[in-house]
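First the structure, in the form of structure tokens, and then the observations on it.
No lab work stands behind these numbers, since they all come straight from the coordinates. These figures come from a predicted structure and were not determined experimentally. Reconstructed Cβ throughout: ideal geometry from the backbone, glycine too, with neighbour counts over all protein chains shown.
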């Protein structure tokens, strides 16, 4: 550090005795690394002179300041007086500028929510979607329990049943976030952690409408969770049990399924055991007698329902006489024959109000159109609906199977659209990407190839069944009185395009109604 200079060095030799200026060693305005001391002396004229000595480690320049008069504030010695004057001159203008900015921001924030409500019916920022004419014509704000307020894509997702491997069920979390209607478990590689995994899948669903979690639990060779719960004997073996034993075993097994988070069983099999054919070769049928099959189907279904699990009788109109539909087209006897034998176990189940039925890819003279399996046949679907009533959910067998894709030369997405158009409520696809299927179904609804009214009716049927199973909010599938009065949930993002609907508080919904009234 440099030594402090002498008094004469600071003032400068030969300075005028009339001078009122003090020269100060300055380090560029920086306070650090500076030592200063003040000296007061009188010049030869007797006037007071103040000098400031500064020693700094940095290069210094000499600046001059007017000597303040007695009584001047100390801070005026440190900084130049012209900077304070400039601030005093600009202060009123800056106040006005700040007021203007504040008023503008307030006006924008006050106007934006009102404008958003007037445009979209909610306070949320909306993504513009192109909907079918039926949905675009309806300005009814969204509510999670009323499919009439859903987008075409949301309807399409709820009508789709996808599949994941039992070894990695968490892959379905992404599908659940899309609002998928159901998830089926495939394969036998389930681990002990599957209960936690399936719980995560259910929790991922938006607006509390959870997907069905389904599993093939027929017993014997077709039992996905055999290593997690316990093995069941084949249907042929169970067909020799008493009806009471069948019901109690189904209830006990159903309780274990429900504990794991499985809500739907694709079973029992209501097909007849016809020796020499595909189903018989795997021991998947209770008996060759329609009466015996019917009794065990009803007992097994009753036991599952007692445990809170939804049974699905399959494969209507009866797979007993058919070949393997995984590989190609399959035919069964004509409708006149099916009515007398193969359909009887199904009719017995329908009389008890079975909640779900699976349709096979089976062609039958008098029941289906030419070269059209029952799963894609409008004629067969109308016949089935007349037998099961308005509340039973109709699901197809997997539309990825060869009896639809290979036999008809179409993809799973096109088959899903045809099945839903024919009258199915659920399109089950096991090997196709759910996103592609949903997009195809949404496009069909938007274009009118699949009636939006029909799609809404199927979703309502699905939601009512989910409500009874605790998988949907109360009132799901029914028109909401709150929606009619404009007091319901708002929207957020669609889960398929990074966001779907969500529930908001009644207070916020009420505010939305008031803002709409103002605009």
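Overview of values
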read-out	value
Residues 460, 208 arranged by fewest to most Cβ contacts within 10 Å	208, 460
Per-pair calculated FRET efficiency, R0 = 22 Å: residue 171 and residue 203 via Cβ, rounded to 0.05	0.90
Spatial separation of Cα centroids for region 220-295 and region 407-423, in angstrom	29
Surface/4 estimate of mean projected area, convex hull on alpha-carbon atoms of region 221-352, nm²	7.8
Segments 333-344, 297-308, 383-394, 92-103 sorted - mean Cβ within 10 Å per residue, highest first	297-308, 333-344, 383-394, 92-103
Potential extension, residue 98-residue 436 segment - 0.36 nm per residue separation minus Cα distance	116.4 nm
Kirkwood Rh, angstrom, region 140-476 [1 / mean 1/r, Cα pairs]	19.6
